[in-house]
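What follows is a single structure, written as structure tokens, with notes after it.
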């Protein structure tokens with residue numbers, strides 16, 4: 001039974017606080033899979049978390065480039081987007097294990113396409129859209 | 001005589017080009033036809049498949065340019081930004097090739113190369129000029145003072161504009177990448193049929209993730225009332241979204257042009273193929289008395305021709321790297 005916690009984000013103004021809470025709960029593990037529909041705010045949440053890890057540079061979506069890499073004095077972060085990957089083989093060919101085994105933070109969007117690749121322990125961060133502003137964020141640890 | 005072999009492998013495409021004295025002789029991208037000669041298959045997306053493409057593509061570029069390997073004065077490669085695994089293949093190949101020929105190496109910045117692609121054609125922009133670089137992964141306004149003197153004066157804070165096109169297409173049920181389908185449908189549609197709000201971003205920066213969400217909610221609301229809403233209105237939806245994205249891009253270009261008092265305006269990157277962007281830019285240029293530069297389509301998307309022309313100017317400036325050069329996925333325009 002995975003360890004699960006539920007957070008409610010009522011508006012964008014609360015996002016920074018939510019990001020801090022998530023880091024507090026999850027930062028023991030470095031691999032986090034983000035699930036949520038198009039427009040749920042996966043990239044927005046990952047940006048907020050990364051800002052709290054000291055990233056100051058402009059952050060953009062990695063859908064086209066597959067992996068964006070950010071560094072701060074506190075952490076190296078790989079922001080990975082599996083949206084364009086069709087199968088496990090393609091994930092292996094882009095070198096996904098090099099990132100997963102690096103010991104650095106890996107924030108991964110659309111991981112459900114290749115979920116069999118991820119060995120526990122990792123955190124699953126599910127974002128559910130309640131209305132235009134409100135999101136329910138479910139954190140579950142897979143061990 | 002300066003002869004440069006250039007290799008691009010930053011993302012999906014493996015490409016090779018040969019340049020002689022500032023003129024790009026050819027620009028080959030690994031395609032099925034290149035591969036059929038060698039009995040191989042080209043996977044659509046597999047960065048490590050660059051390994052399979054690189055030898056045939058380089059071979060063909062050298063053959064078609066009708067040069068001998070011994071005439072090559074330098075080997076150029078994309079050093080970044082891009083996907084590490086992909087960049088590594090081009091870097092390792094270029095290093096080995098240069099070492100074998102005992103010629104210098106030139107590490108090229110992919111984003112600068114998109115801009116310098118304008119110097120492949122006969123009509124070249126005059127310095128200083130502004131370049132709007134728009135693609136699936138990037139959205140930037142760059143102030144170009146000289147070949148190798150550039151400054152990013154505005155960029156996206158979240159999604160690239162190409163991603164906004166592609167994800168809108170996805171929501172409309174069009175295949176990925178769907179930017180080109182949006183463009184096609186938009187030609188038949190009314191750009192003022194539906195309104196999407198501009199996102200106010202500071203200064204010369206952009207934001208496109210809000211538009212994506214606005215389109216999503218708009219489609220959800222309307223398909224709830226009419227399940228056939230998308231099918232019945234696809235041209236108008238595409239035209240309206242495209243008009244919104246183009247308007248946001250050009251608003252900042254106009255602002256940059258006024259601020260820097262520059263009338264030489266260029267566009268680069270894959271999205272510069274978008275006909276709505278081209279047309280609106282041309283209209284604005286007439287009104288503002290700008291000179292507008294749009295590269296040939298083959299030099300808009302990722303290609304080695306643009307790496308070759310950039311390497312040529314680096315060669316003239318004595319800007320080489322050693323055998324210890326590494327790819328840098330995070331490379332920025334300084």
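All of the numbers you see were taken from the coordinates with simple rules; none came from a lab. The structure presented is a predicted model; accordingly, all values stated were derived computationally and were not measured. Don't worry about glycine lacking a Cβ; one is built from the backbone with ideal geometry, like all the others, and counts go over all protein chains shown.
Before moving on, here are some points about what is shown:
- Normalised contact order of segment B:125-294, rounded percent, pairs of Cα under 8 Å and 6 or more residues apart: 28
- Sequence ranges A:70-77, B:197-204, ranked by mean other-Cβ count within 10 angstrom, highest first: A:70-77, B:197-204
- For the protein assembly as shown, the normalised intensity computed at q = 0.13 Å⁻¹ comes to -1.28 (log10 of I(q)/I(0), Debye sum over alpha carbons, equal scatterers, no solvent).
- Cα centroid separation - segment B:165-228 against segment B:248-302, whole Å: 21
- Cα gyration tensor shape of segment B:210-254, rounded if a/c is under 1.5, else prolate or oblate by comparing a/b with b/c: oblate
- Each residue in B:58, B:294 was given a count of other beta-carbon atoms within 10 angstrom of its own, and listing them fewest first yields B:294, B:58.
- If you run the Gaussian network model on chain A, springs between alpha carbon atoms under 10 Å, then out of A:44, A:132, A:63 the most flexible one is A:132.
- Every Cα-Cα pair of segment A:26-143 was included, and the share exceeding 23 Å stands at 25 percent.
- The ranking of B:297, B:119 from fewest to most other beta carbons within 10 Å of each one's beta carbon is B:297, B:119.
- For the pair residue B:184 and residue B:317 in one chain, pulling the backbone fully straight at 0.36 nm per residue adds 43.6 nm over the alpha carbon distance.
- Alpha-carbon Debye profile of segment B:125-294, log10 I(q)/I(0) at 0.11, 0.15, 0.17, 0.18 Å⁻¹: -0.44, -0.79, -0.98, -1.08
- Overall form of segment B:73-176 per C-alpha gyration tensor (a/c, 1.5; a/b vs b/c): oblate
- Average partner coverage of A:65-73, which counts Cβ from other chains inside 10 Å: 5
- The base-10 log of I(q)/I(0) for segment B:242-330, evaluated at q = 0.24, 0.25 Å⁻¹, reads -1.18, -1.22 [Debye formula, identical scatterers on Cα atoms, solvent excluded].
- By other beta-carbon atoms within 10 Å, ranking B:185, B:217, B:312 with the fewest at the front produces B:217, B:185, B:312.
- Here the contact order of chain B, divided by its residue count and restricted to Cα pairs under 8 Å and six or more residues apart, works out to 25 percent.
- Placing pseudo-labels 7 Å out from each Cα toward the beta carbon at residue B:226 and residue B:326 gives an inter-label distance of 5.7 nm.
- Relative contact order of segment A:43-143, defined on C-alpha pairs under 8 angstrom at six or more residues apart (%): 19
- Stokes-Einstein diffusion for chain B, with the hydrodynamic radius set to the Kirkwood value over Cα pairs and evaluated at 10 °C in a medium of 1.306 mPa s, equals 77 µm²/s.
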